[in-house]
Amino acid sequence: MRVYLDNSATTKLDENVLKEMMPYFTEEYGNALSVYSLGQNARKAIEDARIKVAKAINADPSEIYFTSGGTESNITAIRGLAYSYRRRGNHIITSKTESPVVLETCEQLEKEGFEVTYLDVDEKGFINLEKLEDSITDKTILITIMYANNETGVIEQIANIGAIARENGIFFHTDSSYAIGNVKIDVKREMIDSLSISAHKFYGPKGIGALYVRKGLKFKKFQVGGHQERNKRAGTENVPAIVGLGKSIELVYEDFEKQIQKTIELRDYFFSEVQKRIKNVYINGDLKRRLPGNVNFSFYDVEAEDVILNLDMKDICVSNGNVCISGSLEPSHVLLAMQVPYDIAKGTVRFSIGKYNTKEEIDYTINTLVEIIEELRKIEKEEKNVCRFAEQCGGNCSGCHK
Ligand SMILES: *Cc1c(COP(=O)(O)O)cnc(C)c1O
């Protein structure tokens, strides 16, 4: 049995989504720019998908642009807005716990003459709204704060940030690539000016996403050479993938409440069983304002890498939360920003529950986890007890030189 508990990294494609996509590979393969009916069928499929995406976030279809995914949408929004409104100012506000794409885009903009404020977060993972207001200057043009954190699942106070931005005449972008499909987003109510969408985070295909930009806002385009996407993103549209994005976003919000309820039940069960059966474990991130499927544990006295590899041997897929740096022993920038001590941060494992997970899988995972942590801690303890000065002490080591 393979247990997939890394739904924050990506999800399994829904069979119903695949079914919807299939005809657009081999039957309706026209280029959406062509005037004959084969091309126009593709055009119609794209526009239908655009309506579905818009509906899911309470936007207008004319505000939706298809992209290759969350990464491209974030870069296009942040760079595009920054350059379009540069004459108004050059200051951008973000936070220290953003995903690497947002952080690196901001760092790049700094090299190009923009100024960026990186807000701290508290130990629960939230930015401070007063500090946000305090950091606004007459040069501030853009606030970019993620909707929900991809490591901890913590949900920011998006509507409040939107209100602060709007009051001050500043644009508000949110990286919602991880949040969409796990929470209901309303761009009007939350006063969001732009946001990113990634289909493979909600049972759609990889390599496709969307960017929402509020009507009337200008953003510089970076991909030139064709007139697709209302002249904002050159390149022949990936019709099957766009159809897949439309179908997956429609499906995920169709039986949303029921699905979320099930996920929350599994998560709470996971939380309580692990805390009952494993000592010295810490849950990262606020317990209430977080996405339904995210379980982020720090296990004391173990290395995350060892836990992940041992779980993999039992066919359980989990990660240390930061896909982009997994494989390295670097502690997560998110946990460090939350003031989690290095020693605890290094034992952090993220489990993310999705719609295909069952109670049996969670039970299997908990049982396996209990064994693995116990075993790893035993090894860790034995290693600690071997003292460098054991010979001098004559074997009566009391741990004085540990
Ligand atoms: C997945 C993710 C991205 C990247 O999206 P892609 O479609 O894989 O490019 C960006 N930000 C967050 C928060 C994500 O979870």
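The values are calculated or read from the model by the stated rules, or taken from the named source; none is laboratory data. Because the structure is a prediction, the values reported are computed rather than measured. Cβ atoms come from the backbone with ideal geometry, glycine included; neighbour counts cover every protein chain shown.
Confirm whether Asp134 is of a type in the set (Asp, Glu), under 30 Å from Ala345 (Cβ atoms) and touching a strand residue (DSSP E or B) at 6+ places or on another chain (Cβ under 6 Å).
When the stated conditions are applied, Asp134 does not pass them.
Which ones in the range 90-111 are within 14 Å of the chain's Cα centre (by Cα) and charged (D, E, K, R)?
Glu98
What are the pairs, 6+ residues apart or on separate chains, where a residue within the range 65-93 that is under 18 Å from Lys111 (Cβ atoms) has its Cβ under 6 Å from a residue that is assigned to a helix (DSSP H, G or I) and within 16 Å of the ligand (Cβ to nearest atom)?
Asn74/Val101; Asn74/Val102; Ile75/Thr105; Ile78/Thr105
On the basis of being closer than 22 Å to Tyr212 by Cα and in the same structural domain as Ala241 (by TED's automatic domain parsing), does Phe25 make the cut?
no
Is it fair to say Ser34 is in a loop (DSSP other than H, G, I, E, B), out of contact with any Gly (no Cβ under 8 Å at 6 or more places or on another chain) and not hydrophobic (A, V, I, L, M, F, W, C)?
yes
Which is out of contact with any helix residue (DSSP H, G or I) (no Cβ under 7 Å at 6 or more places or on another chain) and touching a residue at least 12 places away in the same chain (Cβ under 8 Å), of Gly246, Gly225, Gly204, Gly285?
Only one candidate qualifies: Gly285.
Report, by residue number, each residue of the range 169-192 that is over 22 Å from Ser8 (Cα atoms) and basic (Lys, Arg).
Lys188, Arg189
Suppose the filter is farther than 29 Å from Pro331 by Cβ, of a type in the set (Asp, Glu), modelled with pLDDT of 95 or more and surrounded by fewer than 20 Cβ atoms within 10 Å (Cβ to Cβ); does Glu107 pass it?
For Glu107, the condition - farther than 29 Å from Pro331 by Cβ, of a type in the set (Asp, Glu), modelled with pLDDT of 95 or more and surrounded by fewer than 20 Cβ atoms within 10 Å (Cβ to Cβ) - is not met.
Going through the range 147-186 one residue at a time, which ones are surrounded by fewer than 20 Cβ atoms within 10 Å (Cβ to Cβ) and within 16 Å of the ligand (Cβ to nearest atom)?
Val183 - this is the single residue of the range 147-186 that is surrounded by fewer than 20 Cβ atoms within 10 Å (Cβ to Cβ) and within 16 Å of the ligand (Cβ to nearest atom).
Looking only at the range 188-196, decide whether some residue is in a strand (DSSP E or B), near the ligand (Cβ under 10 Å from one of its atoms) and not basic (Lys, Arg).
Yes, because at least one residue in the range 188-196 is in a strand (DSSP E or B), near the ligand (Cβ under 10 Å from one of its atoms) and not basic (Lys, Arg).
I'd like the residue in the range 329-380 that is among the polar types (S, T, N, Q), within 20 Å of the chain's Cα centre (by Cα) and within 16 Å of Gly285 (Cα to Cα) and, out of all such residues, is modelled with the highest pLDDT.
Ser352
Would you check if there is a residue in the range 75-93 being within 15 Å of the ligand (Cβ to nearest atom) and of a type in the set (S, T, N, Q)?
Looking through the range 75-93, at least one residue is within 15 Å of the ligand (Cβ to nearest atom) and of a type in the set (S, T, N, Q).
How many residues are away from the ligand (no atom under 16 Å from the Cβ), out of contact with any Gly (no Cβ under 8 Å at 6 or more places or on another chain) and in contact (Cβ under 8 Å) with a residue 12 or more places away in the chain when one looks only at the range 6-31?
6
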